[in-house]
Amino acid sequence: MTSLSFLLILKALLLLADSSTHYQEKESPVGDFVREELPEDARLAVCRRKSELLDIKLKERDNELAVKTCELTALSGDFNKSLLYLRETNSKLQNELKASQVTVKNLEGKVAKLETTLKNSMECRGNWVYFNGYCYKIANQAVNKTTSAALCERENAHLVSIHSREENNFILELSQGDYWTWIGLQWADEEWVWSDGSAFDYSNWALREPNRIEENPWGRVQFSSGSWFNYGNTQFSVTICKKRKCFGDGVYYPDLRACILGVKELLGFTPAGSVCKKMGGGHLVSIHNAFQNTLFAELQQNLTGSSVGLIGAIRIVKTDWVWSDATSFDYSKILASTDDCLILDSQDQMWKAVNCDATFSFLCSSRPLS
């Protein structure tokens, strides 16, 4: 290569290294010079150098891309690990939430049961527990059937009679362990009867029970299963006694804390009051608020079949009304009239004055027996 050619190549390389604004293939004088004035071998050298520079830049970019790819791969791995952890944590939290919801539901059920038990305990005196119009008491002393019946008689009660699945389940709830209780069921005159005289209208005998009835004429309930078995008098079990909450056919209403009896017979004020008094010292109903007024209007219709009935109010002077049970006359729905006794009309729930000798059906209210 001649000195001139070398100088020309060197000049071309220097020009190539300059800024791009000085190397435009069509517009730059150098470009024209390279394209038109350089010898063939110089132009090839320039192209090679240009290619080498591009290769260098591509390798740098490849290296940068490889580094970025590596970083992204690392980040992707960390992200996937974090995502997996979050999914596992979320699944665990979901399971814990479901378990907590079940626990809360169970606790709510237990609280409701305790509230019911507490309320029922308050409806009956002493250690007796209320259920559906009756009071129940469990004596945990293990005794034979004869002694068990005597324990209940001392409490003016009977060994428990059971008339529904709900009552059978209630009996089980009274227990605190895996043992047996005597019930008032006995075999007499070729049939099973309850000692309190109530109808034998429900049973829950265990499989293959009763058996050998003549030898085992008494009924027992196994608390762990709720099933009934028949046994002889020599077996020992705890005792559950049962007695009515109300006198006669009266029905206990917890909201009133009173026993209510509907009487369909048409009587005047004085004889109606006498009938109520025979019901455990009761009286014609007295009404002290709107809730009681609505309830008695409904009971009047449902228990006597009549839309009107006597209530226990009487006027002693022309302006003063009193209740026959001596409670305060603190609520009134009286329509104006000159008569001295009152009836409750279940249609409009108003009180209408009538002659005290006029006859109507009526409701009696009395205190619970227990």
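Only the coordinates and a few stated rules stand behind these numbers; no lab work does. No experiment lies behind these values; they were computed from the predicted model shown. No Cβ is skipped: glycine too gets one built from the backbone with ideal geometry, and neighbour counts run over all protein chains shown.
Overview of values
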quantity	calculated
Which of LEU107, VAL263, LEU38, positive extreme of dipole for the chain (C-beta unit charges)	VAL263
Gain on full stretching of the segment that runs from ALA336 to ALA199 - 0.36 nm per residue minus C-alpha separation	44.4 nm
Hz values of 3J(HN,Hα) by residue in region 211-225 - Karplus curve (6.51, -1.76, 1.60), Gly and Pro given as x	9, 6, 4, 4, 8, 10, x, 10, x, 9, 10, 8, 5, 5, 10
Percent of Cα pairs exceeding the 18 Å cut-off, where the set is region 129-244	44 percent
Where the Cα pairs of the chain fall when distances are cut into 20 Å bins, in %	20, 26, 18, 8, 7, 11, 11, 1
Gain upon complete extension [GLU214, THR327; 0.36 nm per residue less C-alpha separation]	35.1 nm
Cysteines without a disulfide-compatible partner [the chain; Cβ-Cβ under 4.7 Å]	CYS47, CYS70
Cα-projected label distance for THR234 with CYS356, points at 7 Å along beta-carbon direction, nm	6.8 nm
Backbone HN-Hα couplings from phi across region 325-332 [Karplus 6.51/-1.76/1.60, Hz, Gly and Pro as x]	8, 6, 7, 5, 8, 10, 8, 8
Separation in nanometres of the label points that stand 7 Å from Cα toward Cβ, at ASP189 and ASP78	9.3 nm
Too-long pairs where the Cα-Cα distance tops 18 Å, listed order kept, from LYS137/LYS242; LYS245/LYS278; LYS277/LYS318; LYS137/LYS243	LYS277/LYS318
The chain, helix-only ellipticity at 222 nm - DSSP H runs n ≥ 4, -39,500 (n - 2.57), divided by all residues, nearest 500	-14000 deg cm²/dmol
Relative contact order of the chain, defined on C-alpha pairs under 8 angstrom at six or more residues apart (%)	13 percent
Charge dipole magnitude, Cβ of K and R +1, D and E -1 - region 251-366, Cα centre, debye nearest 20	200 debye
Cut-off under 5 Å, modelled amide H: who pairs with VAL354 long-range	ASP340, CYS341, LEU342, ILE343
Degrees, to the nearest 10: 269-278 long Cα axis against longest axis of the chain	80 degrees
Among 209-216, 234-241, the order from most to least packed when residues are scored by Cβ within 10 Å on average	234-241, 209-216
